[in-house]
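Presented below is the structure to which this report refers.
The values are calculated or read from the model by the stated rules, or taken from the named source; none is laboratory data. None of these values were measured; they are calculated from a predicted model. Cβ atoms come from the backbone with ideal geometry, glycine included; neighbour counts cover every protein chain shown. Note: areas computed on protein heavy atoms with side chains; ligands, DNA, RNA excluded. Shrake-Rupley method; radii C 1.70, N 1.55, O 1.52, S 1.80 Å.
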Amino acid sequence: MISALALSIVFLLSVSEVISQCPPSSGIYLRHNGTCYSNGSYFHDERISPTPLECVLPGATLNGGKWIGPNGTVPCPGSNSNVFCTVGSGANLSVHIPITNNYLYLQIPGDGWYKCCLPTDCSDPNTNIIFANIFRFAQIESFTVADLPSDMTVYPQEYKLSCVKIGYRAYDMSMSIGNNTLANYTGCSDASNTCSGTVLVSSTYTVGYTANITWDGMTVISNGSSNQSTIGDQMYHCNLLDNPYHAHNRIRNLTIKVPASAPSSLTEVKKTINSITVSWTALDSSDADGYVVSVTSDTDTVQTVQVEGSIAKSISCVLPGTSLTTGQWVRVADPDDPVDCNIDNNNDPLLCTNVTSPDATLSLYYPAIVGLGSQEGFYKCCLPTDCSTANHSIYVNIFRWAEIAEVTVDLPSDITVLPQTYTLHAIKVGEPNHVYLNSAKWYYEYGSNSVAITAGLCSGRSGYSCSIGNEVLLHQSNGSYDYALTVTWNGESITSGILSQSNNNGDHVYRFYLHFGLSIYVPVMRNRYISVTVSAPATAPSSLTEVSKTATTITVSWTALDSSDVDGYVVNVTSDTDTVQTVQVEGSSNNTITLNGLRGGTTYNITVRAYQQLLGPASSSISVQTLPVINSINWTLVSSITQLNNIQYCIDCLTTTDINPSTDVYWLVNGVMKSNSNYSSIDVLTYNNTLLVYPDPLGVSVNVTCIAMIGGVNYSQSVILHAPSGPPNNVRGFILNATSIKMKWAISSETNGYVIEYTTGGVTRNVVSTSEDEIVLTNLSPMSTYTISVYSYIDLPSVNSTVTVLKFDVPSPVTSLSVSNVSTTGITVKWTIPSSDNYVTYYTISYTPSCPQLSSVIATVSVAPHQSTTTYSYTLMHAHVDLYSGMNCTVTVRAGNVLGGSDPKSVYKDTLLSKAPTGVPYSLFLSQPNNNLTWNEVKCFERNGLITGYTVMISNSSITYNLTSTERYIILNDLVFGTEYNISVAAVNSVGRGPFSDPIVIRIGIVPGPVGSVSSIMDTTWAVISWSVPSFIPHDYPIITYEIGYHILQSGGSCMKVDDDGFNTEISQLLNSSNALIIITDLNDMSCYIFGVRAYTDKGYGEWTLIANQTLPPCFPSVSDTSNSVIGLGLFVSLLCILLTVSIVIHIFCFIRKNLKSPCIINKQTKYYTDRADDDISMQACEPYEMHRTKLSEEDEGVYDECQASPEDCSRQ
């Protein structure tokens, strides 16, 4: 048998591998000058001066982080060995070498490997770690073996050594084994590539050198010349003199595993005509990966067979103290086909030997002539008989290449802590040479799905994170390695995504997959499952409820889960965001716990989770507040707030009875400690602790704190008796009446009320309070002076008060009254207000015109009491018209309050004359026959100043002309007899002429004038109407008759006053009389009648003269009732007849004497009313009309002179 070369390569970290995706989406990485590098990359110190080398963890937030170098931690920010660290954005720490005093190189202690940890400190087992080598001058980036032989059965075997240099461009390079140099390069300069290395990366001066090795089983030959005899492992060296001038040598070693000895005891086991079975004593598994069996005939090689694995050693199954009878090895998968200890073939490749006594032993071994093939798996050994009758059996797993020995989980040591971190371990055993390892990977199983766990899957997840560990060698002898997966889980069910637990009943199910072996020798693929949360409840406990509580404890209970789903419970207690307690309750049936050591009066949020090996999801949270140590603190006003300096407050502090009030309770009053001496028990749970407080001085707030101690913890509650910062502002007093004052002030939001203290004469003191911004003080002494102080208070009164002095009296008169800005629209009045001790609430300003027919303009101006100014002015305006243009007026001002007004103060002033008269003369009257036109003066409020004259306008269809007069009458001498005229009058002042009056229409001497002196005598059904003849009867046209009309008054107005509008000729009954008297019968009793009388000549009717009277009620005797009435009536009629006769005689006598009637002319429009006032009737004057006058006799002239005397005399003639 010829031994073959078995290779095992040992080297440090990988070369500087550039990451194609930069930056990567996940995982920690290095970045320099925009290029991303993987773990174990090399960086020359000149490269990071000053461009920094960044260490980055995407999507994370820095929470510590660290760079650690060969000289210790590099503080960040800070430096070590001239390596400076800075903090970037996100999870990013950068190192660089700055140019400092022209020194830009790494110091010697800083040369070597650096470890970067993100986002937390390197002491955190869950942090992310990456390595980088920062070096001075040059470094060996890698020393590896390449092109190992794929066929282990062929000699000689050839392979290559590759040593890669990076960094400084001047160096020496050599490779050797023992003392034998395999390759040597001196005085190398990368600038000219003098040593003919292979340039891998020019920018970093990365150059590779190789040595070709031939191994014949005994001797190492390099490049066909260098020979080195070796036995066992081959150790090669790569030497780099990185700075020939300073001789800094770097060495990297490489070991290739070669068995040091040959297998022993090669023995023929059996043979047939075409086969030979041999066995040998296997080497230790750490010294051999397999065997090569060479078969020759003469000098020809017939077969060279490779035997994989190192299991040629036997497995002995021993039952001490018994003797072997039959015994048996059986493959568990095929119990009906036990191992044939004497024959091996593809279906039964194992052989066995036995020892009968003293201990029954049955040894199983693999002759390695044929492959184990599908016969791998679990085998059972039965002793001392075969498996059908044996009482003793044991199992063993016999496998090819490698096997997953076990998958375990390291559960959290503290089940109460979240998040929970657990670590899965997959233990691989078998072939120790991992050159044959194709894949070792963790998978997560959910339902029927499976997903490979990668670094990207582990980060950026909600509810969990994980990290995949590197393989860790446990035992070289059995090729055992640990593949770890660490999972951090927040305890909440993952209900969606690729890691959903919804199909796993809340469990976390993982699978480890192992693919091992050379493809030409049928590699094995192994899977092993583990259910992590078989012990994690799928649901949370329900109905979490508060049972009871005290100041320091809370008892809760919940509905327990089924015992198969829970091993116990964890109760979590938090306050705000801080965890206060996490208590483990063991046992599935225990569903009640009392939480101790809590703080009084604190609100806690409580949740409960079930657990098995891991915690399940949390229940709904309940919020519970422990009973307070101090239930409350309140104050009570013992005395009235009006006592001011003598106010007393009682402070009540209610505490739990779990304390001793005499020793565990004390007070602080504005920082001064006071003992607790007054307390009483309210009930079994509560003490009332009391303290009396006397505020001193006023205006200072009092802070009272009640402190209770329990369990070494002080609990306190405070109450503040607040005092306002000062008294109220803008305090004013208002006199309401002779005995009442209203005080008012500006209300403040910081106060609760006000205290009012008022005195008079310095003797009588009264104090009242209110919460409003005003108060009425009543029953005061009239004509007294009061001093009133107003304090504000919140809980305590203010330190001082606002004082007001008020006197009960009417104000003094104003002084210095003057007027200015006099116009037709306004007058500005100004005065000095009364002295400050007067209480004034208003001023009355009156403007009184001299015209008595005009009303005064009066204005009342309200003012704020205690007017601060010394003078006051007011512009008096008339609301609708000018202020009586050109008229003298009196302006009066009075100050007043509710008690009355002051004495008036007046000033006299004329208003400006601004316009012509606005009124017209009225009551125009023309007296005939002298044609004297008179009128009444324009009303005084329409004169607009002194009337200086009048304009009289006379017109008819043919003429219009004006006359002037300075008096209120004018004699019109130019009027034509029998002609109608329109006459109007206008007033004139210094500004101009006013409007003309409505015209009166007159006709000179045509029809008779109205009758005069109409009177009536009324009975129930009749009336006697009498009158006198008209005062004017046209010449040559005597009165022929009188027409009398009457009817009942239609308007329903007063029977004592009537005018033309009340007389309706259309409904009147008409009668005629030749005398100045008529009796009218058939009237209605108790009815108002209107009677009209007018004279008639050949030229027509005169005007109606009206009278109204009412008939008597029927209770009065009528004319027909008695003879006495008839007699009386007869006498009365006789008397009237006599009077009528006398009147006719007189008129005839006058007619005879004159021969020609006097042309007495009356106003056509004049009407007489029974109720007309004397001053409304214009005087009439008789005057001859010169134009139509004929020569009269002296007798006639005498008659005319008599008519000249008066109208009354004229009418009597």
Close pairs from region 34-61: first under 18 Å from residue 138 (Cα atoms), partner open to solvent by less than 20 Å² (accessible area, probe 1.4 Å) and acidic (Asp, Glu), Cβ under 9 Å, at least 6 apart = 41/141; 42/141
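Residues are listed down the side, and each one gets a yes or a no for (1) modelled with pLDDT under 90; (2) open to solvent by 70 Å² or more (accessible area, probe 1.4 Å):
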| position | (1), (2) |
| --- | --- |
| 661 | no, no |
| 677 | yes, yes |
| 685 | yes, yes |
| 694 | yes, yes |
| 699 | yes, no |
Mind checking which residues of region 820-852 are hydroxyl-bearing (Ser, Thr, Tyr) and either assigned to a loop (DSSP other than H, G, I, E, B) or not assigned by the TED database to the domain that holds residue 877 (or both)?
-> 823, 824, 825, 835, 836, 839, 841, 850
Does region 128-144 contain any residue that is free of Cβ contacts under 8 Å to residues at least 40 places away in the same chain and assigned by the TED database to the domain that holds residue 71?
-> no
Residue, farthest from residue 75 (Cα to Cα), within region 90-137, restricted to residues that are modelled with pLDDT of 90 or more, in a strand (DSSP E or B) and among the hydroxyl-bearing types (Ser, Thr, Tyr) = 114
Find the residue count for region 383-437, including only residues that are over 30 Å from residue 613 (Cα atoms), open to solvent by less than 40 Å² (accessible area, probe 1.4 Å) and of a type in the set (S, T, N, Q).
-> 2
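Name every residue in region 1002-1038 that is among the aliphatic types (A, V, I, L, M), open to solvent by 40 Å² or more (accessible area, probe 1.4 Å) and modelled with pLDDT under 90, in order of residue number. Don't jump to the end; show me each part of the working.
Here is the first cut: in region 1002-1038, the ones among the aliphatic types (A, V, I, L, M) are 1002, 1004, 1006-1007, 1011, 1014, 1017-1018, 1023-1025, 1029, 1033.
Applying the additional criterion that residues be open to solvent by 40 Å² or more (accessible area, probe 1.4 Å) yields 1006-1007, 1017.
Within region 1002-1038, 1006, 1007 qualify.
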If a residue has to be over 18 Å from residue 851 (Cα atoms), of a type in the set (Phe, Trp, Tyr) and either open to solvent by 80 Å² or more (accessible area, probe 1.4 Å) or in contact (Cβ under 8 Å) with a residue 24 or more places away in the chain (or both) to count, how many in region 936-991 make the cut?
-> 4
Residue check, residue 19 assigned by the TED database to the domain that holds residue 124, at pLDDT below 90, among the hydrophobic types (A, V, I, L, M, F, W, C) and out of contact with any His (no Cβ under 9 Å at 6 or more places or on another chain) | no
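Which residues, counting only those in region 621-657, are hydroxyl-bearing (Ser, Thr, Tyr), open to solvent by 60 Å² or more (accessible area, probe 1.4 Å) and closer than 18 Å to residue 723 by Cβ?
Answer for region 621-657, where residues must be hydroxyl-bearing (Ser, Thr, Tyr), open to solvent by 60 Å² or more (accessible area, probe 1.4 Å) and closer than 18 Å to residue 723 by Cβ: just 636.
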Taking first residues from region 448-472 that are over 21 Å from residue 427 (Cα atoms) and second residues anywhere that are in a strand (DSSP E or B) and β-branched (Val, Ile, Thr), the pairs with Cβ under 8 Å that are 6 or more apart or on different chains are 457/451; 458/468; 464/487; 464/488; 465/487; 465/488
Looking only at region 260-267, decide whether some residue is farther than 30 Å from residue 359 by Cβ, hydrophobic (A, V, I, L, M, F, W, C), touching a Ser or Thr at 6+ places or on another chain (Cβ under 8 Å) and modelled with pLDDT of 80 or more.
-> yes
Would you mind telling me which numbered condition in (1) at pLDDT below 85; (2) open to solvent by 60 Å² or more (accessible area, probe 1.4 Å); (3) assigned to a loop (DSSP other than H, G, I, E, B) residue 367 fails?
-> (2)
Does residue 556 count as within 27 Å of residue 654 (Cα to Cα), modelled with pLDDT of 90 or more and not aromatic (Phe, Trp, Tyr)?
-> yes
For residues in region 758-810 being closer than 15 Å to residue 724 by Cβ, part of a loop (DSSP other than H, G, I, E, B) and among the β-branched types (Val, Ile, Thr), which is least open to solvent (accessible area, probe 1.4 Å)?
-> 794
Pair list, Cβ under 6 Å, 6 or more apart: region 784-810 residue touching a residue at least 24 places away in the same chain (Cβ under 8 Å), other residue acidic (Asp, Glu) = 789/757; 807/837
